[in-house]
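To start, the structure under review is shown below, and the notes come after it.
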Amino acid sequence: MVAKVIDGRAVARQVREECRVLTAGLVARGVTPGLAVVIVGDDPASKVYVANKVKACTEVGLHSKVYAFPADTPDTVVEAEIHRLNADPAVHGILVQLPLPAHYDGPRVLAAISSDKDVDGFHLYNVGALVQGETLFPPCTPFGVQKMLEYENIPIEGQNVVVVGASNIVGKPMALMLMRKDATVCICHAKTRDLAQFTILADILVVAAGRPNLILPQMVRTGAVVIDVGINRLPDGRLVGDVDFEGVRQKASYISPVPGGVGPMTVTMLVHNTVMAAQRAAAAG
């Protein structure tokens, strides 16, 4: 068996085309979906991520604007700008690019974003609502994974799912979202003993641990679906995921690559959430 490689770029193109159609409809009604991106400091990776998000918005027809602050800006100043954006009817989504400077109270800054404009899905309201299955905006990376599974018509209901990684950004919301789809979910993390005894049981294995080659072929059940969310840069400059791609590909039924798998979906679902926010605002007003 050789796994089918899930083309995240192809799935992203389809979702973006759907967003483009919805955006055109909103613009025709006088509403242009708008995204505000707040970035603090000069982290090179963050700048690249922000540029990719702005580009994706432009491609779909959204209006986007970057609000950049020096690293020594007091967090109260950034919070005040967020509150101003909350009140701006032309802004439908607000994103704070992470990481924030070490001296910032990160949770407080994120909490300043209105839950109605929290298109990243990190506000406590949206996180709590996710537990009840009623979130306005699912976090973008796990939402992207869910879309990839749907695109490939991979059944979720009744499947054994193992999520490796328990972060607030990927692991925990991923587990909640798949439970909502009636999967049986197990979450593993850095303190899990004998990881392989859990991963070998997975019909669907989602790996988001940030450790290259963590998942080896002998840890994967034959025919499993393997979604690699990890992204690691090796000393030679190559980008790889958390899964031994070539080895696991010989056992899995589906596998997502790195790069070109989940990465394009994260930005795409941010665009999707922003369009949904604009639709909600238009309907309300």
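What follows draws every value from the coordinates through simple rules; no lab data is involved. No experiment lies behind these values; they were computed from the predicted model shown. Here the Cβ is made from the backbone with ideal geometry for all residues, glycine too, and neighbour counts use every protein chain on show.
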message = If I ask for residues that are under 19 Å from ASN153 (Cα atoms) and of a type in the set (A, V, I, L, M), which ones from region 254-284 would you list?
response = ILE255, VAL262, MET265, MET269
ask   = In region 1-54, what count of residues is obtained for those that are within 30 Å of TYR104 (Cβ to Cβ) and assigned to a loop (DSSP other than H, G, I, E, B)?
value = 4
message = Suppose we keep only residues that are out of contact with any helix residue (DSSP H, G or I) (no Cβ under 8 Å at 6 or more places or on another chain), not in a strand (DSSP E or B) and not charged (D, E, K, R) within region 161-194. Which one would you say is surrounded by the fewest Cβ atoms within 10 Å (Cβ to Cβ)?
response = ALA190
request  = For region 128-144, name all the residues that are under 14 Å from the mean Cα position of the chain (by Cα) and farther than 19 Å from LEU95 by Cβ.
outcome  = none
query = What residue, among those in region 146-160 that are part of a loop (DSSP other than H, G, I, E, B) and of a type outside the set (S, T, N, Q), is farthest from LEU270 (Cα to Cα)?
reply = GLY158
Among (1) over 16 Å from the mean Cα position of the chain (by Cα); (2) in contact (Cβ under 8 Å) with a residue 40 or more places away in the chain, the one test that VAL170 misses = (1)
query = Which one is farthest from GLY121 (Cα to Cα), of the residues in region 134-160 that are among the aliphatic types (A, V, I, L, M) and out of contact with any helix residue (DSSP H, G or I) (no Cβ under 7 Å at 6 or more places or on another chain)?
reply = ILE154
inquiry  = Which condition from (1) over 30 Å from ARG221 (Cβ atoms); (2) among the small types (Gly, Ala, Ser); (3) surrounded by fewer than 16 Cβ atoms within 10 Å (Cβ to Cβ) is the one that SER64 breaks?
reply    = (3)
request  = Go through region 229-257 residue by residue and tally those that are aliphatic (A, V, I, L, M) and not in a loop (DSSP other than H, G, I, E, B).
outcome  = 5
Boolean, ALA209 is under 30 Å from GLN197 (Cβ atoms), in contact (Cβ under 8 Å) with a residue 40 or more places away in the chain and not in a strand (DSSP E or B) = yes
message = Could you check region 212-229 and list, in sequence order, the residues that are surrounded by 24 or more Cβ atoms within 10 Å (Cβ to Cβ) and in contact (Cβ under 8 Å) with a residue 60 or more places away in the chain?
response = VAL225, VAL226, ILE227, VAL229
task = Give the residues of region 230-252 that are surrounded by fewer than 18 Cβ atoms within 10 Å (Cβ to Cβ), under 23 Å from the mean Cα position of the chain (by Cα) and more than 23 Å from GLY121 (Cβ to Cβ), sorted by residue number.
result = ASN232, ARG233, LEU234, ARG238, LEU239
query = If you scan region 55-70, which residues turn out to be over 16 Å from the mean Cα position of the chain (by Cα) and either in a helix (DSSP H, G or I) or closer than 14 Å to PRO99 by Cα (or both)?
reply = LYS55, THR58, GLU59, VAL60, ALA68, PHE69, PRO70
